[in-house]
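Right, one structure below, let's go through it.
No lab work stands behind these numbers, since they all come straight from the coordinates. The shown structure was predicted, so the numbers you read here are calculated from the model rather than taken from an experiment. Don't worry about glycine lacking a Cβ; one is built from the backbone with ideal geometry, like all the others, and counts go over all protein chains shown.
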Amino acid sequence: MAVVFSGVQPSGTLTLGNYLGAIKHFVDYQEEEESYFCIVNQHAITVPQDPKQLRDNTRSLAALYLAVGLDPKKTTLFVQSEVAEHAQLAWVMQTISYVGELERMTQFKEKAQNRGESIPAGLLTYPPLMAADMLLYKTTDVPVGDDQKQHIEITRDLAGRFNHRFGELFPLPKMRTPKVGARIMSLQDPTKKMSKSDANQNATIRLLDSEKDILKKLKRAQTDSDNTIRFDKENKPGVSNLLAIHSLCTGKTTEQLEQEYMGKGYGHLKVDTAEAVIEILRPIQARYNELISTSELDLILDEGAAKAREVASRTMKEVEHAMGLRR
Ligand code: ATP
Ligand code: MG
């Protein structure tokens, strides 16, 4: 039986990258027998967060999960910190992790950059927490963007290591990435992925951006000076990113788009891409606005946490038994 788990950090308003790479696909996976979609706020606090902002972002992410089509009747939606077993199993996973393997993580190296002596230890121990998220539910399938490859690999290593030392308990989760859209690039530096915690607002399209801002940001997107519209990630990362976004929002292939824009300038591509994005986001924003101030949202998260806790506490007991932590 497939068990699906994925999480998103409430570290800012979701970007088009989060949507196209991950949460758009969650809706298909909720049809599986068992699925969990989590708001991973304990991951978010591995870098400093303003408490009020964090609370607002958590609520906003819950509303966005529902607005893209997640249905609490089919899936379990919950907040990580409300299920204490995440932190409990994370500790166990830390005890079987090696500092060397954690230090080699690309995300750690990137997020620890320019912090001097003040690198939060939680940034280093992020992967064992993420492993705990998945393993608590005996997850088999993890729909995520391309950037999570290393984190899934270390989760598989940790699960295998645990099974080897303490007895077979965890399946090794498999990463599920979309064929296209698994890595949407920053609009300002198309060699970097688009990230919701990017301080440069022009670099990201946010799912809640106004139509005016979407157009403005796409018009300002970095391209190149060769002025031909061609899908070539190596040599033309900016233009290729726009073509990928356009393609994902309209369903046209990048080859079709190359034909369509032959002899046209970047300006055309940017304006049309903006229109395509606006069309995709319009119904999501409308549903979001209906949901954001309802108390239904809290009820859904309360019920989700209760459902998750049942499974998580069962697994945690098994883990503690296996390790000799219970009398
Ligand atoms: P942060 O900058 O705070 O790390 P983020 O944008 O990387 O934010 P996460 O919460 O870390 O978002 O990741 C949520 C999901 O979105 C993950 O499945 C991740 O793989 C996916 N994702 C993140 N950025 C992109 C991107 N640029 N393209 C495709 N998928 C992405
Ligand atoms: Mg991230």
Just how many % of Cα pairs in the range 211-288 lie over 22 Å apart, if you round to the nearest whole percent?
-> 20 percent
Would you mind calculating the relative contact order of the chain from Cα pairs under 8 angstrom and at least 6 residues apart, reporting the percent as a whole number?
-> 23 percent
Everything considered on the Cα gyration tensor (a ≥ b ≥ c; rounded for a/c under 1.5, else prolate if a/b is larger than b/c, else oblate), the range 86-204 must be described as oblate
Where does helix 126-135 land angle-wise versus the long Cα axis of the chain, in degrees 0 to 90, nearest 10?
-> 70 degrees
Using only Cα atoms, figure out Rg for the range 149-264 and give it as a multiple of 2.2 N^0.38 Å.
-> 1.42
Point-charge dipole on Cβ atoms (K/R +1, D/E -1) for the chain, about Cα centre, debye to 20 = 440 debye
Sites Val180 and Met323 - FRET efficiency at Förster radius 30 Å, r taken between beta-carbons, to 0.05 | 0.10
Return the loop-located GluC sites (Glu not before Pro) in the range 218-281 (DSSP other than H, G, I, E, B) with at most 11 other Cβ atoms within 10 Å of their own Cβ; answer none if there are none.
-> Glu234
Within the chain, what percent of beta bridges assigned by DSSP are antiparallel, to the nearest 5?
-> 10 percent
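Between Thr294 and Val27, what length in nm is gained on full extension when 0.36 nm per residue of separation is reduced by their alpha carbon distance?
Values: separation 267, 0.36 × 267 = 96.12 nm, distance 2.17 nm.
Working it through step by step, the gained length comes to 94.0 nm.
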Using helices alone, what [θ] at 222 nm do you get for the chain, with -39,500 (n - 2.57) per DSSP H run of 4 or more residues, divided over all residues and rounded to the nearest 500?
-> -15500 deg cm²/dmol
Hey, what angle do you get for helix 85-95 against the long axis of the chain, alpha-carbon based, 0 to 90 degrees rounded to 10?
-> 80 degrees
Tilt, helix 237-250 to longest principal axis of the chain (alpha-carbon atoms), in degrees rounded to tens, equals 80 degrees
Computed curve, the chain, Cα-only Debye sum without solvent term, log₁₀ I(q)/I(0) at 0.10, 0.16 Å⁻¹, is -0.60, -1.38
Which FRET efficiency, nearest 0.05, do Asp213 and Glu103 yield, Cβ-Cβ r, R0 41 Å?
-> 0.60
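Send over the per residue convex hull volume for the range 1-157, Cα only, as a whole number of Å³.
On the way: hull volume 17.9 nm³, N = 157.
Roughly 114 Å³ of hull volume per residue.
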Using the number of other C-beta atoms within 10 angstrom as an exposure proxy, rank Phe26, Phe170 with the fewest first.
-> Phe26, Phe170
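Fewest first, what order do Ser81, Ser118 take by the number of other Cβ atoms within 10 Å? Spell out each step's value before the answer.
Values: Ser81 16, Ser118 8.
Sorted ascending by nearby Cβ count, the order is Ser118, Ser81.
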